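Here's the structure we're looking at; comments come further down.
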Amino acid sequence: MDIERYVNAGYVKRIESAGDLIGKEFKEAEYDLAGAKRALKDEDFKWATIKAYYSMFHAAKGVLFKIGLKEKTHFVIGLLLDEISKEGKLESRFVNDFKAAMAARMEADYNYEYSERSARELVGMAGEFLPQMKKLLKTLK
């Protein structure tokens, strides 16, 4: 994986692979996904959007911890998922889903733009993303 440019740019730093941190991230991903589903049920579409993104964020962050990386900015996670996808270890749709969720979260948080339709789509994406990240975790060294 060609990540040196992200390290040199200061977007990510190398760390020891930390099993305890990986577990915590996946626990948070599960928690946020459950929260997103509850928010949908409560028709709180802004919160569903935000929680769906954070479920994906924490799952991806757990994968990065596994390969010995810690992000310093959210957007680099999408770039690193892209690198993993280029290696054939992750379908590109999951990279696209992460990037779409990040953009939707920013719109909901900063521009107060969200909808029931997009919230439902994002919660569905997050529901597929989390097991995919768990599967990916098992294939990484």
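Could you check Val95 against (1) more than 16 Å from Leu130 (Cβ to Cβ); (2) without any contact (Cβ under 8 Å) to a residue 24 or more places away in the chain; (3) touching a Gly at 6+ places or on another chain (Cβ under 7 Å) and say which number it fails?
With (1) more than 16 Å from Leu130 (Cβ to Cβ); (2) without any contact (Cβ under 8 Å) to a residue 24 or more places away in the chain; (3) touching a Gly at 6+ places or on another chain (Cβ under 7 Å) applied to Val95, the lone miss is (1).
When residues of region 1-33 are filtered for being over 16 Å from Leu79 (Cβ atoms) and surrounded by fewer than 17 Cβ atoms within 10 Å (Cβ to Cβ), how many remain?
11
Are any residues in region 1-43 part of a helix (DSSP H, G or I), of a type in the set (D, E, K, R) and at pLDDT 95 or above, and if so, which ones?
Lys24, Glu25, Lys27, Glu28, Glu30, Asp32, Lys37, Arg38, Lys41, listed by residue number.
Out of region 32-49, which residues are in contact (Cβ under 8 Å) with a residue 24 or more places away in the chain and of a type outside the set (S, T, N, Q)?
Within region 32-49, Asp32, Leu33, Ala36, Lys37, Ala39, Leu40, Glu43, Phe45, Lys46, Ala48 qualify.
When only residues in region 104-134 that are among the hydroxyl-bearing types (Ser, Thr, Tyr) and in contact with a Ser or Thr (Cβ under 9 Å, 6 or more places away or on another chain) count, which is surrounded by the most Cβ atoms within 10 Å (Cβ to Cβ)?
Checked region 104-134; the qualifying residue surrounded by the most Cβ atoms within 10 Å (Cβ to Cβ) is Tyr114.
If I filter region 93-103 for residues that are in a helix (DSSP H, G or I), more than 14 Å from the chain's Cα centre (by Cα) and either surrounded by fewer than 18 Cβ atoms within 10 Å (Cβ to Cβ) or modelled with pLDDT under 95 (or both), do I get at least one hit?
no
Specify the residue that is surrounded by the fewest Cβ atoms within 10 Å (Cβ to Cβ); the eligible residues are those in region 49-59 that are touching a Leu at 6+ places or on another chain (Cβ under 6 Å) and hydrophobic (A, V, I, L, M, F, W, C).
Ala59
Looking at Lys46, is it outside any helix (DSSP H, G or I) and surrounded by fewer than 18 Cβ atoms within 10 Å (Cβ to Cβ)?
no
Which ones in region 68-89 are touching a Ser or Thr at 6+ places or on another chain (Cβ under 7 Å) and either outside any helix (DSSP H, G or I) or of a type in the set (Phe, Trp, Tyr) (or both)?
Of everything in region 68-89, those that are touching a Ser or Thr at 6+ places or on another chain (Cβ under 7 Å) and either outside any helix (DSSP H, G or I) or of a type in the set (Phe, Trp, Tyr) (or both) turn out to be Gly68, Lys89.
Just to check your reading of the model, which residue among His58, His74 is under 11 Å from the mean Cα position of the chain (by Cα) and modelled with pLDDT under 95?
His74
Just to be sure I understand, how many residues within region 106-141 are assigned to a loop (DSSP other than H, G, I, E, B) and aliphatic (A, V, I, L, M)?
1
The values are calculated or read from the model by the stated rules, or taken from the named source; none is laboratory data. Please read these numbers as outputs of a predicted model, since none were measured by experiment. FYI the Cβ positions are ideal-geometry reconstructions off the backbone, even for glycines, and counts take in every protein chain you see.
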